[in-house]
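The values are calculated or read from the model by the stated rules, or taken from the named source; none is laboratory data. Keep in mind the model is a prediction, meaning the values are calculated, not measured. Here the Cβ positions follow ideal geometry from the backbone for every residue, glycine too, while neighbour counts run over all protein chains shown. All accessible areas refer to the heavy atoms of the entire protein, side chains included, with ligands and DNA or RNA removed. Shrake-Rupley method; radii C 1.70, N 1.55, O 1.52, S 1.80 Å.
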Amino acid sequence: MEIRYVDNNDDIFEISNIYEQSWKFAYKGIIPQEYLDSIPVGKWVVNLDKPNQNSLIAIENDKVIGTVNFGKSRFNDFADYGEIVAIYFLPEYIGKGYGKVLLKSAVKELFRLGYYDVFLWVLKDNTRARNFYERFGFTASDNFCNVNIGGKDLREIQYFYT
């Protein structure tokens, strides 16, 4: 598997599709199905070029199979922290060890950028993701935020890398 930064030659709609397909798979039964079914093509294109954010992609056999977005914290309370904003894979590549390699690369890049304190947010009901992060070395904190996605109130829990 090759891991590298997204560049101008990459198809940002292909990368956005990874988010779209992953959401439909990972959040089934958590986020209302009507919302998941209505995710438009290219929804995440605008998120792939934000200031202070970086994206890596995972490529297997010349196919982009996963992506991670990370960078300077988006939250004033954690201004000196690095943040893993999102990590997603095409559903057929989930649970095969690719995520660990991509997440390790993102954490390494955050360290290289000078962020030695790293955190992320994860939906409380997303036990698969929570288990993944905990196995990697992230620890749940008492910090949480409430979000509404597709008309459903959900809770996100903040995890810190230890």
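Computed values, structure above
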quantity	calculated
Projected area, mean over directions - region 49-129, Cα convex hull, nm²	6.1 nm²
Long pairs among Lys28/Lys108; Lys100/Lys152; Lys28/Lys100; Lys24/Lys50; Lys50/Lys124; Lys104/Lys152, criterion Cα-Cα beyond 28 Å	Lys28/Lys108; Lys100/Lys152; Lys104/Lys152
Phi-based couplings in Hz for region 16-22 (Karplus 6.51, -1.76, 1.60; Gly and Pro marked x)	4, 4, 4, 4, 4, 5, 5
Sequence-distant residues sharing a close amide H with Val85 (under 5 Å, placed H)	Asn69, Phe70, Gly71
Inter-part distance where region 115-162 and region 61-76 are each reduced to a Cα centre, Å	16 Å
DSSP-assigned coil residues among GluC sites (Glu not before Pro) in region 1-79, each with at most 10 further Cβ atoms within 10 Å	none
Exposed-loop-free span, longest in the chain, where chymotrypsin sites (Phe, Trp or Tyr not before Pro) count as exposed if DSSP calls them loop and at most 16 other C-beta atoms lie within 10 Å	1-74
Estimated vicinal HN-Hα couplings, Hz - region 90-100 in sequence order (Karplus 6.51, -1.76, 1.60; Gly, Pro = x)	4, x, 6, 10, 6, x, 10, x, 5, x, 4
Relative contact order (percent, whole number), the chain, Cα cutoff 8 Å, 6+ residue spacing	20 percent
Ala58 long-range amide H proximity, modeled H, under 5 Å	Ile65, Gly66, Thr67
With DNA, RNA and ligands ignored, accessible area of Arg112 (1.4 Å probe; Å², nearest 10)	150 Å²
Vicinal HN-Hα couplings computed from phi for region 147-162 (Karplus, 6.51 cos²θ - 1.76 cosθ + 1.60; Hz; Gly/Pro x)	10, 10, 10, x, x, 10, 6, 10, 10, 9, 10, 8, 10, 10, 7, 10
Percent of Cα-Cα distances greater than 18 Å, calculated over the chain	59 percent
Residue-normalised accessible area of the chain, given per residue in Å² at a 1.4 Å probe	56 Å²
